[in-house]
């Protein structure tokens, strides 16, 4: 099958998926390379269709189109040989696991992907965000996650207030990493509860609303970006909380 016009419905749909608003509205996302498509297939993601400049062996509808059409979709000056549209199904999901990660503040998309990859190593695959701009399907997030984003489940809220209200309604305790001098509780106080562990770019950038709502302030050893401390923090936190037995 071949597409020759930028007004083709599939081209217009793919172009709309370059924005968070478009992705959320349609419950779909756009992949930008064969590597990303391979990651998605390995996690049994639903591939809606593939747009490519040449034939490609894939178990999904394939539409051939020009490099110019693919450039139009991505809005870039350089060509890509392949784009794929996948179903994300985010609107159908809300968290269920005993330990999840909350992304808060203006962290970069690459940092978010790195944190997803680290969390996945500890068996954590559920995530919330306090802003609709912080969702999983930015290109840099997918790449930094090294494919682990395809095993993740995620929901974005409109504000920290809405996020906190949801966590309270669903009986999650809130744990906030902070500098040791500000830490005031033991992780043992949270045993037996569902936990929402907050991450931002740094401890200083965490919203005062979350600091006020925190049931536990987890001590940090260093005043460094949280992504650099995340491995040690999750190792210590999951061990103490015995999250698999909650």
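Where a number appears in this text, it was derived from the coordinates with a stated rule and is not lab data. Nothing here was measured: the structure is a model prediction, and the numbers come from that model. Positions of Cβ are backbone-derived with ideal geometry, glycine not excepted, and every protein chain shown enters the neighbour counts.
Highest GNM mean-square fluctuation among 136, 99, 41, for the chain modelled with Cα contacts below 10 Å: 41.
Suppose we keep just the DSSP beta bridges with both residues in the chain; what percent of those would be antiparallel, to 5?
Given both bridge residues lie in the chain, the antiparallel proportion sits at roughly 25 percent.
For the peptides 128-135, 5-12, residues were scored by their other Cβ atoms within 10 Å and the scores averaged per peptide; the highest-first order is 128-135, 5-12. How much FRET efficiency would the formula 1/(1 + (r/R0)^6) give for residue 55 and residue 168, where r is the Cβ-Cβ distance and R0 is 41 Å, rounded to 0.05? The value I calculate is 0.20.
Per-peptide packing, taken as the mean over residues of other Cβ atoms within 10 Å, places 141-153, 47-59 in the sequence 141-153, 47-59 from highest down.
What does a probe at residue 71 reach in the range 7-35, counting residues whose amide N is under 11 Å from the point 7 Å along Cα→Cβ? The answer is none, because no backbone nitrogen lies closer than 11 Å to the label point. For the chain, the longest principal axis of the Cα atoms and the long axis of helix 160-169 meet at an angle of about 70 degrees.
Helix 226-241 and the longest principal axis of the Cα set of the chain meet at an angle near 60°. The relative contact order of the chain comes to 18 percent, based on Cα pairs under 8 Å that sit 6 or more residues apart. Pairwise Cα distances in the range 9-89 exceed 21 Å in 20 percent of cases. If you take mean projected area of the Cα convex hull in nm² from the coordinates, which of (i) 13.4; (ii) 19.3; (iii) 16.7 do you get? The listed entry that was calculated here is (i).
By its C-alpha gyration tensor, with a ≥ b ≥ c as the square roots of the eigenvalues, how is the range 73-138 shaped: rounded for a/c under 1.5, else prolate for a/b larger than b/c, else oblate? Verdict is prolate for the range 73-138. Working from label points 7 Å from Cα in the Cα-to-Cβ sense, the residue 19 to residue 215 distance is 3.9 nm. Approximating the spin labels as points 7 Å out from Cα along Cα→Cβ, the residue 41-to-residue 161 distance works out to 4.7 nm. Per residue, the chain reaches -10000 deg cm²/dmol at 222 nm when only DSSP H runs of four or more residues are counted, each adding -39500 (n - 2.57).
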